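Here the structure comes first, spelled out in C-alpha cells, and everything after it is commentary.
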Amino acid sequence: MQKVNEIKNMDCDFIPLVAQVMEIRKRGDVPLAYIRTYGCQQNVADSEQVKGLLSQMGYEFTDKPDDADFILFNTCAVREHAEDRVFGNVGALKALKRKHPSILIALCGCMMEQEHIANRIYKSFPFVGLVFGTNYIHELPQLLYNCLVNGKRLVVRGNKDTTIYENIPTRRDGTFKGWLPIMYGCDNFCTYCIVPHVRGRERSRNPENILEEAKQLIANGYKDITLLGQNVNSYGKGLPQENKMTFAQLIGEIDKLEGDYWLRFMTSHPKDCSKELIDTIAQSKHISTHLHLPFQSGSDRILKQMNRHYDRAKYLEIVRYAKEKIPNLSLTSDIIVGFPGETYEDFKETLSLVKEVGFTSLFTFIYSPREGTPAAKMDDPVSYQEKNKWFQELLALQESISAERCASMVGNSCKVLVEGVTGKENILQTRTSGNIIVEVEGDSSLIGTFQNVEITSARNWILKGKII
Ligand code: SAH
Ligand code: SF4
Ligand code: F3S
C-alpha cells in the first residue's frame, strides 16, 4: 500500500539561538548572507526557503561574497557542466576564507546528495564548513548553530524521510512572479536522470496548504504564479483519502481564486498528461496557454531505453488534443541529443517530431552521463563531436521554426506581463501567456503590470511590439 505523506510543522527552536550568535560574530552592522543558486526552479524555490529562514535568524542579503558572513551555493547535479561550474566557483572561495576566517562557507542542493561528490568536497575543500542535502532545509537553523558554536565541519545527506515541512518561511526573489512547489521528488527513474537519486521519492503537499499559499500570493500582488514539481501530472499520489486530488482538480481549484493573475506549471510528463488537464486549461480563466511537455527523443526505441513510458504516437496524440482544445497554444519541450546507443536514424526521428509539432522554443541538451544511473553503464559509441554536429542541426531547425512562428504573430495583439528592463534605453521586456518575449517601448514604472500590446515585428524568437 502507498504510504501516506506525513506533513509536519517545522521546529523553530534554533532560530533565536543563531540570531544571538550572529549578533556577536557579524563582521559588519548586520549579519550578511550571499546565496547563489544553480539549476532548476525547484532549487530557486528551495533557496527562497533558505533565505526565509536566514531572514528570521537576523541575516540580510548581499550580492558580494566578499561582504558576507555566510556563503551558500545551492547546487545542481543534472549535467556534468552544472557540476563543473560549482567546483570552479567553490575553489575560488578559498582565498576569501583565508581573508575572513570567521565566515561560514556552505554547500547544499542536489550535488551534495551524491556520496562521491560530498566526499570529494570534504577532502578537496577543507574551507567548506557545512554541506547539507536536499532534505535538510528545515534543519538549517540547527545545522548553522552547530557549525557556528562548535566550529566543526558538518556533512549531512541521504535523508530518506518523506515528511513535508509546512511552515518554513519563504523570502521570494520576485515581487510579481512567484514559484509555488506543489510536490517534491520524483518516482520516474528515467534512465539518464539523477533527479530521483538526489531528490528522493515523490511526495505531494496537501491541497489546502497549496491553495492557501496561492491565495496569499494573489493577495500580495503576484501576477504570474508557477506550480512546481518534477512531474506535476502525477500530483496527489500518497495523499490521504480525504484530501485526494488530481493535478487537473488542483489547478482547477486554484483557477477559481479571484484576481488578475496567470497560472503556470512545470514540468508535465507526457505519460501522465491527461485530457482532463487539457480540458481544465481550455476552460480556465487564469491558466496560461503554454504547455511545457518534454519529449526527450522522437525515437520509440530510445524512449524505451530512457524508461519514459510513452511513445511517439501517444505524445503526438496529446499534442493534437491540446492544440484542438486550446487556441493559440504555445508548446515547448526538452530534448536530449546523443543518448547512449542513439543512431543518426533515431536522431532523425527527433528532428521529424520537432518539425511536426512546431514548438515555440526548445531546451536542448547533449547527453551527460550521471554516475549511478542505468544509462551511464550503457554502451555509448558515438563521439561527443558527432553528437555536437547533430545538436547543431537540431538548433538550426528549431531556429527556423521559432522564426516562422514569431513572424506569424506580427500584427496580432495580446496581453503581456511587463517583467523588467532590457538594458536598451526605454525598452522593456515583457512576456506573453504563451511564454514568448516581447520587447516594447515604455517606462520602468510599468514593471509588474499587465499590458496589451500589438506585435510589430519579429526576430528569431524575440518579438517587438507597442503598448496599445
Ligand atoms: N522533471 C522534468 C525535468 C527535470 S531535468 C521532466 O521530467 O521533464 C530537466 C531536463 O534536463 C530534462 O527534461 C532532460 O531533458 C535534461 N536532462 C536530465 N538528465 C540529463 C542528462 N543526464 N544529460 C542531459 N540532459 C539531461
Ligand atoms: Fe528526471 Fe524523468 Fe523524473 Fe524528470 S521525470 S526528474 S527527467 S527522472
Ligand atoms: Fe538540478 Fe536538482 Fe533541479 S539536479 S535540475 S537542481 S532538481
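So which of Ser124, Ser102 is touching a residue at least 40 places away in the same chain (Cβ under 8 Å), surrounded by fewer than 18 Cβ atoms within 10 Å (Cβ to Cβ) and either closer than 23 Å to Leu54 by Cα or assigned by TED's automatic domain parsing to the domain that holds Lys8 (or both)? Give the steps one after another, and end with the answer.
Numbers: Ser124 fails: touching a residue at least 40 places away in the same chain (Cβ under 8 Å).
Ser102 is the lone residue from the list that is touching a residue at least 40 places away in the same chain (Cβ under 8 Å), surrounded by fewer than 18 Cβ atoms within 10 Å (Cβ to Cβ) and either closer than 23 Å to Leu54 by Cα or assigned by TED's automatic domain parsing to the domain that holds Lys8 (or both).
Would you confirm, using the coordinates I've provided, whether Tyr344 is away from ligand 2 (no atom under 16 Å from the Cβ) and either at positive phi or touching an Asp or Glu at 6+ places or on another chain (Cβ under 9 Å) (or both)?
Working: away from ligand 2 (no atom under 16 Å from the Cβ): yes; either at positive phi or touching an Asp or Glu at 6+ places or on another chain (Cβ under 9 Å) (or both): yes.
Judged against the criteria, Tyr344 is a match.
Just the residues that are surrounded by 14 or more Cβ atoms within 10 Å (Cβ to Cβ), within 16 Å of ligand 1 (Cβ to nearest atom) and in a helix (DSSP H, G or I), please, taken from the range 58-84.
Answer for the range 58-84, where residues must be surrounded by 14 or more Cβ atoms within 10 Å (Cβ to Cβ), within 16 Å of ligand 1 (Cβ to nearest atom) and in a helix (DSSP H, G or I): Ala82, Glu83.
Residue by residue, here is whether (1) closer than 14 Å to Leu144 by Cα; (2) basic (Lys, Arg) holds:
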| residue | (1), (2) |
| --- | --- |
| Val21 | yes, no |
| Val30 | no, no |
| Ile35 | no, no |
| Gln41 | no, no |
| Ala45 | no, no |
| Glu48 | no, no |
| Lys51 | yes, yes |
| Met57 | yes, no |
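Mind checking whether some residue in the range 272-288 is part of a strand (DSSP E or B) and surrounded by fewer than 16 Cβ atoms within 10 Å (Cβ to Cβ)?
No, the range 272-288 contains no residue that is part of a strand (DSSP E or B) and surrounded by fewer than 16 Cβ atoms within 10 Å (Cβ to Cβ).
Scan the range 199-233 for residues that are assigned to a strand (DSSP E or B) and within 15 Å of ligand 2 (Cβ to nearest atom) and jot them down.
If the condition is that a residue be assigned to a strand (DSSP E or B) and within 15 Å of ligand 2 (Cβ to nearest atom), then Arg203, Ser204, Leu228 are the ones that fit.
Could you list, in sequence order, the residues of the range 9-43 that are of a type in the set (Gly, Ala, Ser) and more than 30 Å from Glu80 (Cβ to Cβ)? Step through it out loud before you land on a result.
Residues of the range 9-43 that are of a type in the set (Gly, Ala, Ser), as a first pass: 19, 28, 33, 39.
Selection gives Ala19, Gly28.
Results for (1) part of a helix (DSSP H, G or I); (2) more than 8 Å from ligand 1 (Cβ to nearest atom); (3) closer than 29 Å to Met409 by Cα, shown as yes or no for each residue.
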residue	(1), (2), (3)
Glu324	yes, yes, yes
Ser333	no, yes, yes
Phe347	yes, yes, no
Ser352	yes, yes, yes
Pro369	no, no, no
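Taking the condition of being crowded, with 19+ Cβ neighbours inside 10 Å, in contact with a helix residue (DSSP H, G or I) (Cβ under 9 Å, 6 or more places away or on another chain) and part of a strand (DSSP E or B), how many residues in the range 393-438 meet it?
Total satisfying the criteria: 3.
The values are calculated or read from the model by the stated rules, or taken from the named source; none is laboratory data. If you're wondering where the values come from, they're calculated on a predicted model, not measured in any experiment. No Cβ is skipped: glycine too gets one built from the backbone with ideal geometry, and neighbour counts run over all protein chains shown.
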